[in-house]
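*Asks:* First the structure, then my questions, so here it is.
The values are calculated or read from the model by the stated rules, or taken from the named source; none is laboratory data. Since we're looking at a predicted model, the values are computed, not measured. In this analysis, Cβ positions are derived from the backbone assuming ideal geometry, glycine residues included, and neighbour counts consider all displayed protein chains. Each accessible area value is taken on the protein alone, full model and side chains, heavy atoms only, with ligands, DNA and RNA left out. Shrake-Rupley method; radii C 1.70, N 1.55, O 1.52, S 1.80 Å.
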Amino acid sequence: MASTHVLFNPSCSKCRSLRGLLEDQGIDHELVRYLDAAPTVAELKDIMRLLGITDPRDMMRTNEKIYSELDLATADHDRLLEAMTKHPILIQRPIVIRGDRAVIARPPERALALFSEEREHHGDGRSQSAEREEAHRLG
């Protein structure tokens with residue numbers, strides 16, 4: 001089973017809600033306190049790939065004061081990524097990473113999409129929907 005990592009800020013109500021949701025669902029996860037140890041540029045690029053985005057702004061908190069102070073509105077991608085490593089408060093939260101996929105969990109329930117497909121699978125690797133389709137076809 002793939003491991004689950006959550007970019008987590010304990011001061012963020014959405015992060016705390018997500019933690020509770022994952023615990024209620026019995027989903028093992030690791031909280032990554034990214035404000036204490038900011039991701040590298042390479043890690044941010046990997047997160048972007050997992051999110052399926054090409055613009056760093058799509059995972060940035062553009063309303064943060066530091067965004068304006070650094071005049072990032074017209075910055076190129078490299079400068080944005082560097083800014084996030086130096087000022088991790090700019091990184092949107094919470095971000096949930098599981099296997100080869102990630103999601104910005106706003107609202108926190110968005111994270112459940114990363115687990116729904118896994119939960120549908122049975123031991124033979126077929127999903128419940130695939131079994132229903134086969135049963136209907138054989139009908």
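*Asks:* I'd like the FRET efficiency for ALA37 and ASP76, computed as 1/(1 + (r/R0)^6) with the beta carbon distance as r and R0 of 22 Å, rounded to 0.05. Write out the running numbers ahead of the final one.
*Replies:* Values: r = 25 Å, r/R0 = 1.15.
Taking R0 as 22 Å, the efficiency between ALA37 and ASP76 is 0.30.
*Asks:* Rounded to the nearest 10 Å², what accessible area does HIS5 have for a 1.4 Å probe in the complete protein model?
*Replies:* 60 Å²
*Asks:* Tell me the Rg and the Dmax, in Å, that the Cα atoms of the range 52-98 produce.
*Replies:* Just the Cα atoms of the range 52-98 yield Rg and Dmax of 10.3, 33 Å.
*Asks:* Take LYS65 and ALA113, extend 7 Å from each Cα along the Cα→Cβ direction, and tell me the distance between the two endpoints in nm.
*Replies:* 3.4 nm
*Asks:* Report the convex hull volume per residue for the range 1-126, counting only C-alpha atoms, in Å³.
*Replies:* Values: hull volume 13.1 nm³, N = 126.
Considering the Cα atoms of the range 1-126, their hull volume per residue is 104 Å³.
*Asks:* Same structure again: Could you please state, rounded to a whole Å, how far the C-alpha centre of the range 27-41 is from the C-alpha centre of the range 56-79?
*Replies:* The distance from the Cα centre of the range 27-41 to that of the range 56-79 comes to 20 Å.
*Asks:* As a test of reading the structure, rank THR54, THR4 by solvent-accessible area (1.4 Å probe, protein chains only), most first. Don't skip to the end; give the middle numbers.
*Replies:* Working: THR54 115, THR4 5 Å².
Greatest to least solvent exposure: THR54, THR4.
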